[in-house]
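Colleague: First the structure, then my questions, so here it is.
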Amino acid sequence: MANSTTRQTFCRFFSIFCLLSLPTSAHAQKPTAATALRDIQNTYNFDPSKLSFEDQAKRAPTLSALWDRYDKTSDVYRDGLRTALKTPGARELLYCDGGMQLLAKSKLPEDLNLGLQSISKCSLAEIEHTPYFYTMHALASRGIDTLDLQFRILAKPKISAYIVAHALNLGQDYAFTYPLLVQDESKYVPRLAERARIEKDPTASATLTKALFYAAMSQAESALKSLVSGASYAPATRNSAAKMVEQATFIRSLVASDSNIRKLSELIGMDNSAGETELRSNAFDQRRGAHRARCLYGVYLSLI
């Protein structure tokens, strides 16, 4: 009798163990590219513009959970994300958020191209502006031309990017300008000038002329002066350009003995006799990830 009872007890526990060992859901099994694709599409199957603020807040954890699953099995989820981003007619939020995630999580050239194509479909209406700014800056720091992505924010006069580390809130002007500070000025100044000539929006005009000012190139200054004198340009553009030309003139009026100029010269390690080519060469060496030094060079270059 005792042996029979022992066998029954063993069989009962063994049966329970076997049942518990069986996969009970799709998440208990290793996902495939197909299940990852469905997971991504289902997670983003909503329109933020049609949700209340409270409902949007409830959705946020589901997005975070999705990218946690991505990180755990990135090989299959990356394939699923690629397919999702290549699918026509997907939600704009998926193109925007998914494209930025792909750019952040993969350094492969083909993923770079797909990510850029995806976020180019983004109107900035359905995503937070801060991640978009960080994406632009990260790409620019890698030497990637981001100007077309930056031009998109000119349609958003109230765009705001918050930099937590510095408790700094960037409006349209500096959110647009900062990614340019780590790029080659000669490549973007002509395009800025061209856009400024046709810009009608006052906020965007002020942003473009400020970006030209911070480029600190003779070509950029010539463009600003041309905008001031061009009767065919929008009044807002002419006024904004005039302010930047006045600012450059004021900087040049500072004498070399001024304490701020002296401190600036010491920080840069240059004297006032240095030419634009020499200063720009040194600035380029420090451009990657060195905003503060780059801005100092930009101000100093305006002196010559």
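Colleague: Name, by its number, the condition in (1) within 21 Å of the chain's Cα centre (by Cα); (2) at pLDDT 90 or above that does not hold for Thr62.
Modeller: (1) is the only condition that Thr62 fails.
Colleague: Could you please let me know if Glu194 is surrounded by fewer than 17 Cβ atoms within 10 Å (Cβ to Cβ), assigned to a helix (DSSP H, G or I) and either modelled with pLDDT of 95 or more or not basic (Lys, Arg) (or both)?
Modeller: yes
Colleague: A further question on this structure: Which one of Ala138, Ala206, Ala220, Ala125 is within 16 Å of the chain's Cα centre (by Cα), of a type in the set (Gly, Ala, Ser) and assigned to a helix (DSSP H, G or I)?
Modeller: Every option except Ala138 fails the conditions.
Colleague: Scan the stretch 74-92 for residues that are acidic (Asp, Glu) and in contact with a Ser or Thr (Cβ under 8 Å, 6 or more places away or on another chain) and jot them down.
Modeller: Selection gives Glu92 alone.
Colleague: Can you tell me how many residues within the stretch 38-54 are more than 17 Å from Ile127 (Cβ to Cβ) and among the small types (Gly, Ala, Ser)?
Modeller: 1
Colleague: Can you name every residue in the stretch 143-161 that is part of a loop (DSSP other than H, G, I, E, B) and among the aliphatic types (A, V, I, L, M)?
Modeller: Ile144, Ile159
Colleague: Look through Tyr233, Tyr178, Tyr162, Tyr214 and report the one residue that is out of contact with any Asp or Glu (no Cβ under 7 Å at 6 or more places or on another chain) and more than 27 Å from Ser141 (Cα to Cα).
Modeller: Tyr233
Colleague: Which condition does Ala90 not pass, out of (1) under 21 Å from the mean Cα position of the chain (by Cα); (2) buried (at least 18 other Cβ atoms within 10 Å of the Cβ); (3) under 19 Å from Leu124 (Cα atoms), if it passes all the others?
Modeller: Every condition holds for Ala90 apart from (1).
Colleague: Quick one: which of Tyr132, Tyr233, Tyr174 is farther than 30 Å from Leu63 by Cα and not assigned by TED's automatic domain parsing to the domain that holds Thr87?
Modeller: Exactly one of Tyr132, Tyr233, Tyr174 is farther than 30 Å from Leu63 by Cα and not assigned by TED's automatic domain parsing to the domain that holds Thr87, namely Tyr233.
The values are calculated or read from the model by the stated rules, or taken from the named source; none is laboratory data. Keep in mind that what you see is a predicted model, and the values were worked out from it rather than measured. Heads up, the Cβs are rebuilt from the backbone with ideal geometry, glycines too, and the neighbour counts pull from every protein chain shown.
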